[in-house]
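Let me begin by presenting the structure, written as structure tokens, before commenting on it.
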Amino acid sequence: MLQALSPLGIPVYGIVSLGGVTAGLSLFAWDFTRWWTSHKKKFSTKALSALLPQLLCNAYGALLILSAGGIVGGIADWSLWGTNQVGDVVLVYGLGASTPNVTRSTHLALTPGGHAAIIVITVIIGAVCSKRGFRWDFVRQILAGNALGLASSIAGAVGIVVAPSVSWAGDYVMGLL
């Protein structure tokens, strides 16, 4: 499953299996179900504000897997490999199913401004976690977004929507447009 090496020599996998998508959707479902059962008024401002950090972390995870490489991209690639392996083991040994490749045929590439935006977002997440303590719900959703970012199904839509927006915003803010 090893695809190539990044400029820093860090392995880049860039392939998501059905097991990886299953693991990503399961991680998303865990936090979404807990959110759903803990709010009587699902569409109130308070309820939606509790869901927003989870959705943002999910989108951030999808952005990470679309990054070009380097240390942050390498960690994202290794995380994708890990979710693929966990999902594949559960599907193959737990249910006897197969786990085909479900990666999009065309990858979205972030622009240099998009990569700069990922660094800024990473700093913001670090600042939030340093003030409020380690957040497993953030980790789960970042891993979920990471596993779903390359999927060719509706589960991968977050990558299709978020990547161009972040690239444009990053290029605009950094003065590249």
Residue among A163, A151, A116, A144 that is in contact (Cβ under 8 Å) with a residue 40 or more places away in the chain, of a type outside the set (D, E, K, R) and in contact with a Phe, Trp or Tyr (Cβ under 9 Å, 6 or more places away or on another chain): A144
Say whether the condition of being within 26 Å of L52 (Cα to Cα), touching a Cys at 6+ places or on another chain (Cβ under 6 Å) and surrounded by fewer than 21 Cβ atoms within 10 Å (Cβ to Cβ) is met by at least one residue in region 96-111. no
Top-ranked residue of region 68-90 - restricted to ones that are open to solvent by less than 20 Å² (accessible area, probe 1.4 Å) and in contact with a helix residue (DSSP H, G or I) (Cβ under 8 Å, 6 or more places away or on another chain), ranked as farthest from I121 (Cα to Cα): G87
For the structure I just gave you, tell me whether V128 is open to solvent by 40 Å² or more (accessible area, probe 1.4 Å) and under 15 Å from the mean Cα position of the chain (by Cα). no
Kindly list, by first and then second residue, each pair from a residue in region 72-90 that is among the polar types (S, T, N, Q) to a residue that is open to solvent by 70 Å² or more (accessible area, probe 1.4 Å), limited to pairs with Cβ atoms under 9 Å and residues at least 6 apart or on different chains. N84/M1
Condition met for I154 (open to solvent by 50 Å² or more (accessible area, probe 1.4 Å), within 16 Å of the chain's Cα centre (by Cα), of a type in the set (A, V, I, L, M) and within 24 Å of G20 (Cα to Cα)): yes
Would you call L64 open to solvent by less than 20 Å² (accessible area, probe 1.4 Å) and within 14 Å of the chain's Cα centre (by Cα)? yes
Output for Cβ contacts, cut-off 9 Å, separation at least six or different chains, first residue open to solvent by less than 80 Å² (accessible area, probe 1.4 Å) in region 22-50, second at pLDDT 85 or above and of a type in the set (K, R), reads L27/R140; F28/R140; D31/R140; H39/K46; A47/K41
Selection within region 36-77 - among the hydroxyl-bearing types (S, T, Y) and outside any helix (DSSP H, G or I): S44, S67
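The values are calculated or read from the model by the stated rules, or taken from the named source; none is laboratory data. All values derive from a computational prediction rather than experimental measurement. Note that we place each Cβ from the backbone using ideal geometry, even for glycine, and neighbour counts take in every protein chain shown. Side chains included, ligands, DNA and RNA excluded: accessible areas come from the protein's heavy atoms. Shrake-Rupley method; radii C 1.70, N 1.55, O 1.52, S 1.80 Å.
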